[in-house]
Structures are given as structure tokens and as C-alpha cells.
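Encoded as C-alpha cells, the structure appears first; notes follow it.
The values are calculated or read from the model by the stated rules, or taken from the named source; none is laboratory data. Because the structure is predicted, anything quoted here is derived from the model rather than measured. We place every Cβ from the backbone using ideal geometry, glycine too, and count neighbours over all the protein chains shown. Remember, those area values only see protein heavy atoms, side chains included, never the ligands or the DNA or RNA. Shrake-Rupley method; radii C 1.70, N 1.55, O 1.52, S 1.80 Å.
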Amino acid sequence: MTQDNISVLLIEDEEVWARTMQKNLADFGFEVTAVASTVEEALPALNAMDYDIVLLDIHLNGVNSGIELAKLLHTHYHKPFIFVTSSLNSHSLQEAITAKPSAYLIKPINPASLFVTIHSAINNFQQEQPAGATVENNYDSFFIKQGNKYKKIDWKDVICLISEKNYTRVFTSRDNSEYLIRSSLQKAMQYIIPASLRSRFAQVNRAEIVQLSYVEELAGDVLKAGNKTFYITEAYHKDLKKSLNIIS
């Protein structure tokens, strides 16, 4: 693996540091797949899994929420990550250690140190895996932040995704609840729903995507799924019938 095809997810709430690191990463040939400044922005990016390593600020929004994200990275996403911080007291250090980062970087970050640390972190992470083993990512679920907690959602329980301005509403069957993710519907379909699961979903109009396993009835341009009613626009009708294996 060379820096030319290493993709980096940057989670940093200070704009000046985010811009600086983006420039340094680009100068070295790394690909920055996304930049997030809050937990709410970071979760959709983490769920997308289209990155090799994460640069993660410990003190997001002035608190240690970066450590909570790091624990998810270690236990759920199985991705290497580097903690970035401008200060690290003994309490924060002890808490950070429990998240098992691959490395630490202290601001201001020397560009050469950034380059070397990313490569070392990835190499160390790969060497920690058992011989012959492959790292399995959990593509069957994702996390949504609710207050101070992270709610795990199984994709099999998602009935539909509905666009709402800069957010996407996710409706689930398990608890008949809805959750908001900070992402457009198209980005959710392209990046958040794992590629291996996208065939399970079909768009029925510009604002709604339905999981096919919940479809109960199709009558003309009206679709019923999971006790909800959806109206199919002409642009999506043909592809929907194909996804449902409707021949005539």
C-alpha cells in the first residue's frame, strides 16, 4: 500500500487545523474521503467505511467525545485511527489508552510526522491481525447518536429512508421509531448503505427509499411497506418493478 491509495477520514472541529491537515495530506498524495467537525457529521462518515485510517481529534467540541468515537472504531468498525490533540492531561491520556489508538499526534503537527505516523499506524494495525486473517467489518449495522449515547441500528430493521432537507429520516421496524442522520438521501444511498446491501433497497421517488423485504403490496403507483404508504413516480417505476421481480 502506498500513500497514493491510502484514504483518510478527518474528524476535527477546529477549521484552521482541518484545513492545514487537509493540505498536508493532499501534498503527500493521500485521499481525504471526508471531513467532519462534530459527532453527528462523523457517524455517517464512519458508517460509510470508505477509508483506510482516521485522524481523530480527542476533544471534539471541547469534550472527549472523540474518545467515544474511537471506541466504536476499535470495537465495531475495526479501523486504525490516530488521536490528534493539542493537549493531553493524565486523565485524558488514561481514557484515550482504553480506546486503543494506533498512534498519537500533537498539534501543531509536523507534516513529515503526519506522513510517517499514518504509514506506521496502518502497518502496525495490519501486523496486529492474526496471520492469514482478514478484518471483517460489521456491514449489517450502523450507529446514530442520540443525546450522549450511540444507538445501534441493524440494516435489516430499516423500513425506509426519507429525505428531509440536509437530513435523512430512518424508520425502523424493531421499535417503530425514526432517527435522523446528517446526510442527504443520495449520499446515504451512495455512502452510508454498504455496497453489499444496496440491492436490498429501491428508490421510489426523489425523497424516499424503501427496503424491498418490507414491501407488502404494489398497486399502480402506490406501494405499501411496513405499514407505510409510498407514492412511486414514473422515473422510478420501471426499476422498482425490476427489483421486485415483476415480469409484466
| remark: The correct count of residues that are closer than 22 Å to Asp140 by Cβ and in contact with a helix residue (DSSP H, G or I) (Cβ under 7 Å, 6 or more places away or on another chain) in segment 3-33 is 1
| remark: When every residue in segment 22-40 that is assigned to a helix (DSSP H, G or I) and either touching a strand residue (DSSP E or B) at 6+ places or on another chain (Cβ under 6 Å) or open to solvent by 60 Å² or more (accessible area, probe 1.4 Å) (or both) is compared, the one farthest from Pro108 (Cα to Cα) is Glu40
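What number of residues within segment 116-160 satisfy the criterion of being among the aliphatic types (A, V, I, L, M) and at pLDDT below 80?
Residues in segment 116-160 being among the aliphatic types (A, V, I, L, M) and at pLDDT below 80: 3 in total.
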| said: Looking only at segment 186-200, count every residue that is within 16 Å of Ile162 (Cβ to Cβ) and surrounded by fewer than 20 Cβ atoms within 10 Å (Cβ to Cβ) and tell me the total. | reply: 3
| field | Residues located in segment 42-58, provided they are buried (at least 19 other Cβ atoms within 10 Å of the Cβ) and not aliphatic (A, V, I, L, M) | value | Pro44, Asn47, Tyr51, Asp52, Asp57
| note | When every residue in segment 100-125 that is touching a Phe, Trp or Tyr at 6+ places or on another chain (Cβ under 6 Å) and outside any loop (DSSP other than H, G, I, E, B) is compared, the one least open to solvent (accessible area, probe 1.4 Å) is Phe115
| query | Within segment 212-248, which residues are open to solvent by less than 50 Å² (accessible area, probe 1.4 Å) and within 17 Å of Lys156 (Cβ to Cβ)? | reply | Leu212, Tyr214, Val215, Ala225, Gly226
| Looking only at segment 152-185, which residues are part of a strand (DSSP E or B), open to solvent by 40 Å² or more (accessible area, probe 1.4 Å) and either touching a Ser or Thr at 6+ places or on another chain (Cβ under 9 Å) or among the aliphatic types (A, V, I, L, M) (or both)? | Lys152, Ser163, Tyr167, Arg169, Glu178, Leu180
| query | For segment 70-99, how many residues meet the condition of being surrounded by 14 or more Cβ atoms within 10 Å (Cβ to Cβ) and at pLDDT 80 or above? | reply | 16
| request: Give me the pairs, please: first residue somewhere in segment 168-195 and under 22 Å from Gly226 (Cα atoms) and touching a residue at least 24 places away in the same chain (Cβ under 8 Å), second residue anywhere and open to solvent by 40 Å² or more (accessible area, probe 1.4 Å) and of a type in the set (Ser, Thr, Tyr), beta-carbon distance under 6 Å, and either six or more positions apart or on two chains. | output: Leu180/Tyr167; Leu185/Ser163; Pro194/Tyr139
| query | Any idea which of (1) at pLDDT 90 or above; (2) in contact with a helix residue (DSSP H, G or I) (Cβ under 9 Å, 6 or more places away or on another chain) is the one Phe171 doesn't satisfy? | reply | (2)
